[in-house]
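Colleague: First, the structure itself, so that you have it in front of you.
Read-outs throughout are calculated quantities, based only on the coordinates presented, and are distinct from any laboratory measurement. Note that the structure is a prediction, hence the values are computed from the model and not measured. Using ideal geometry, Cβ is built from the backbone for each residue, glycine included, and neighbour counts are taken over all protein chains shown.
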């Protein structure tokens, strides 16, 4: 780990895309219950455009946000302002987390491993531990890649040799509130099962009145984690009382759950 920012695509048009179109928060009831259980204040680490942070503010929670992307934070700040809130937001990579406050609850929703640097991810857990009050909880989610036929097949030699994918797949087309059309195409670039990493690319376009006004291509590198290695990393970072639940429920995780939520406690 060299202190540089991880490889992320959450800038520019991608930040606009998240702020405008990625607004549903089906995980919200889970996190509301977890904050009730573990307490406030709360840190939404990798808060993005505020998909979870803003509803928590609206529910009366004391919550701060932190994200690597100032562009995403700008979207978050605008979304919060529309509901009459002005949260403390910090532009920092997770592995360089250094905030003036300690928390009862920290959560990382669907963002642990982005950047594809294991040393940085372990440092993130150390930083989270230091930012928690005694008895506070860290919650983080990971994808169970083996539940996706497409994702798991790309670990196989023949599938890897077929990468990168071309751009022939269907594009996502969405119309923003201002009438602009946003087009997004995604493709796989590389998968390394030995290092458990993958690289994806996005091609983004913004159209106004039939004219292309902006276009970008960005890369995202990420680490694919399994349950036991993340649990071990949490223990190495000092966490105890580690639990693993599935799909943002209180159910103990099984091999059929697509999302795994690990919780670790900072012991007094």
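Colleague: For the chain, would you read off the P(r) tail past 33 Å as a percentage of all alpha carbon pairs? Mind showing how you got there, number by number?
Modeller: Working: 7274 of 35778 pairs.
Distances greater than 33 Å cover 20 percent of the Cα pairs.
Colleague: In region 171-265, if every C-alpha pair distance is counted and binned at 10 Å from zero, what percent goes to each bin?
Modeller: For region 171-265, the binned pair fractions read 14, 26, 25, 22, 13, 1 percent.
Colleague: Then there is this: Mean separation of Cα pairs under 8 Å and 6+ residues apart, divided by the residue count of region 162-222: what relative contact order is that in percent? List each step's numbers first, then the result.
Modeller: Details: 115 pairs, mean separation 16.0, N = 61.
Here the relative contact order equals 26 percent.
Colleague: Pick from 220, 163, 73 the residue whose mean-square fluctuation is largest in a GNM of the chain, springs joining Cα atoms under 10 Å.
Modeller: Top of the fluctuation ranking is 163.
Colleague: Sticking with this structure for a sec: For the chain, give me the percentage of DSSP beta bridges that are antiparallel, rounded to the nearest 5 percent.
Modeller: Values: 41 of 56 bridges.
In the chain, DSSP labels about 75 percent of beta bridges as antiparallel.
Colleague: Top mean-square fluctuation among 127, 203, 82, Gaussian network model of the chain, C-alpha springs under 10 Å?
Modeller: Result: 82 has the largest fluctuation of those listed.
Colleague: For region 72-160, what is the convex hull (Cα atoms) projected area averaged across all directions, in square nanometres? Numbers along the way, then the final one.
Modeller: Details: hull surface 33.3 nm².
The directionally averaged projection comes out at 8.3 nm².
Colleague: What value, in deg cm²/dmol to 500, does the helix sum -39500 (n - 2.57) over DSSP H runs of n ≥ 4 give at 222 nm once divided by the residues of the chain?
Modeller: Working: 8 runs with 73 residues, N = 268.
Computed mean residue ellipticity for the chain: -7500 deg cm²/dmol.
Colleague: Given the Cα atoms of region 126-219, and with Rh set as the inverse mean 1/r over their pairs in the Kirkwood sense, what is Rg to Rh to two decimals?
Modeller: Working: Rg = 19.0 Å, Rh = 16.7 Å.
Radius of gyration relative to Kirkwood radius: 1.14.
Colleague: Obtain the nm distance between the two label points defined at residue 254 and residue 267 by a simple spin-label model: each point lies 7 Å from its Cα along the Cα-to-C-beta direction.
Modeller: For the pair residue 254/residue 267, the computed spacing is 3.2 nm.
Colleague: Which length gain, in nm to one decimal place, applies between residue 119 and residue 235 when the Cα-Cα distance is subtracted from 0.36 nm times their residue separation? Could you put the intermediate results ahead of the total?
Modeller: Details: separation 116, 0.36 × 116 = 41.76 nm, distance 1.50 nm.
Taking residue 119 through residue 235 to full extension adds about 40.3 nm, to one decimal.
Colleague: By how many nm would the segment from residue 171 to residue 32 lengthen if fully extended, with 0.36 nm per residue of separation less the alpha-carbon distance? Show your work: numbers first, answer last.
Modeller: On the way: separation 139, 0.36 × 139 = 50.04 nm, distance 3.42 nm.
Contour length minus Cα-Cα distance gives 46.6 nm.
Colleague: Find the Cα radius of gyration of region 146-188, compare it with 2.2 N^0.38 Å by division, and give the number to two decimals. Write out the running numbers ahead of the final one.
Modeller: Values: Rg = 14.9 Å, N = 43, 2.2 N^0.38 = 9.2 Å.
It is 1.62.
Colleague: With each label point set 7 Å from Cα along the Cα-Cβ vector, what nm distance links residue 212 and residue 158?
Modeller: Roughly 3.6 nm, to one decimal.
Colleague: Note down the nm distance, to one decimal, between modelled labels 7 Å out along Cα→Cβ at residue 243 and at residue 195.
Modeller: Between residue 243 and residue 195, the simple spin-label model gives 3.6 nm.
Colleague: Right, something else. Can you figure out the FRET efficiency of residue 187 with residue 11, using R₀ = 25 Å and their beta-carbon distance, to the nearest 0.05? Before the final figure, lay out each step's value.
Modeller: Details: r = 19 Å, r/R0 = 0.74.
Given R0 = 25 Å and the Cβ-Cβ separation, E is 0.85.
Colleague: A further question follows. Which three extents, in angstrom, do the Cα atoms of region 1-137 have along their principal axes, listed largest first?
Modeller: Sorted from largest, the Cα extents of region 1-137 read 39, 39, 26 Å.
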